[in-house]
Amino acid sequence: MASDYFDFKQFRVYHNQCAMKVGTDSVLLGAIIPQIEEVSTILDIGAGSGILALMLAQRFSNASIDAIEIDFAAATQAHYNFEQSSWGNRLKVYHKGLQAFSATKKYQLIVSNPPYFVLEDAYQMEDSSRRDARYTHTLTHHELLRNSMNLMDEKGTLFVILPSSNAASFIHLAQGFGLNQTFEVAIKMKPNALVSRYILGFSLTPKMMEQSEFVVYDALGKRSKAYALVTSDFYL
């Protein structure tokens, strides 16, 4: 990986102006989300460099994708990454917070790698952009769920990736909004490690629950066969 960008098979992501660089969480979310048929509208909340939106543009060839990013530098870089990709005509970034975003359409797929640390420890971090990307003072989980519901198509689905410590409370909060959990992948970094992340899916209508476990690295620290498989269309 170069200092300013990360190359994938079909696109390049510049991330030197973004507080949060291209990382495993976004790549896993973009790769593991199930291939839902007939998706034509997608919303990426908290787009950062645009990595997740670009992955979904590659996977969902008929979808138009809107991305929201509150940080100006990151939104500007996401716009550049979109324009340099093969799917620039289907990708659009909005420099604003979710709370200020309104749309005339409903989204069939909403995705987010949201902030998840509580505010009380935020000011130990010097970089305010990184703080905004990681801490919930800019977007609480309550706000994420409430606004996602308002923007979601009646048959749409919301997917998020969260640390294991936040997953149960997020599921409980989502159920309080009347959302149905339909998807759960428990992510371990190594076979004998504890679960560190969850990819969760929610919909307005009840569906059969899909539940599985995913291991990123094998016991020797190499990419697992499962990880190599799901990212094979993306990694060089």
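Rule-based calculations on the coordinates, nothing more; no lab input. For clarity, every value in this text was computed on a predicted model and none was experimentally measured. All Cβ positions, glycine included, derive from the backbone under ideal geometry; neighbour counts span all protein chains shown.
Mean-square fluctuation check for the chain, GNM, Cα pairs under 10 Å: which of 71, 153, 218 is largest?
Checking each option, the largest mean-square fluctuation is seen for 218.
Lysines near residue 207 by alpha-carbon distance under 27 Å, same-chain residues fewer than 8 away left out - which ones?
Candidates past the 8-residue exclusion: 105, 106, 155, 188.
Report the label-to-label distance for residue 196 and residue 4 in nanometres (one decimal), using points 7 Å from each Cα along the Cα→Cβ vector.
Once both label points are built, they end up 3.0 nm from each other.
Hey, what number do you get for the chain at 222 nm if only DSSP H runs of n ≥ 4 count, each worth -39500 (n - 2.57), divided across all residues, to the nearest 500?
Taken over the chain, the calculation gives -8500 deg cm²/dmol.
Which of the trypsin sites (Lys or Arg not before Pro) found in segment 1-65 are loop residues per DSSP with 12 or fewer other Cβ atoms within 10 Å of their Cβ?
9
Using unit Cβ charges (K, R positive; D, E negative) and no other charged atoms, how large, in debye to the nearest 20, is the dipole of the chain about its Cα centre?
Taking the Cα centre of the chain as origin, the dipole is about 360 debye.
Of all DSSP beta bridges located in the chain, what percent are antiparallel, nearest 5?
Antiparallel bridges make up about 40 percent of those DSSP assigns within the chain.
Starting from 0.36 nm per residue, how many nanometres of slack lie between residue 21 and residue 229 once their C-alpha separation is accounted for?
That pair, residue 21 and residue 229, stretches by 72.6 nm at full extension.
Label point 7 Å out from residue 84 along Cα-to-Cβ: which residues of segment 30-59 have amide N under 13 Å?
49-51, by backbone N distance to the label point.
Label segment 5-230 by shape, choosing from rounded, prolate and oblate, from the square roots a ≥ b ≥ c of the eigenvalues of the Cα gyration tensor; if a/c is under 1.5 it is rounded, and otherwise prolate applies when a/b is larger than b/c, oblate when it is not.
Cα axes put segment 5-230 in the rounded bin.
Give the residue from 200, 13, 110 lying farthest towards the positive end of the charge dipole for segment 5-230; charges sit on Cβ (+1 for Lys and Arg, -1 for Asp and Glu) and the dipole is referred to the Cα centre.
Result: 13.
For a quick check: with amide H placed at 1.01 Å from N, whose amide H comes under 5 Å from residue 93's, ignoring anything fewer than 5 positions away on the same chain?
67
Compare the Cα positions of 49, 79, 63 along the charge dipole of segment 1-122 (+1 at Cβ of Lys, Arg; -1 at Cβ of Asp, Glu; about the Cα centre) and return the one farthest towards the positive end.
Checked the options; the winner is 63.
Using 0.36 nm per residue of separation minus the Cα-Cα distance, give me the extension gain between residue 217 and residue 37 in nm, one decimal.
Here the answer is 61.8 nm.
Just report the Cα centroid separation between segment 35-95 and segment 198-236, whole Å.
Measuring centre to centre over Cα atoms gives 21 Å.
With a cut-off of 11 Å, note down the residues of segment 31-45 whose backbone N falls inside the zone around a label point 7 Å from the Cα of residue 155 toward its beta carbon.
Within reach of a label on residue 155: 37-40.
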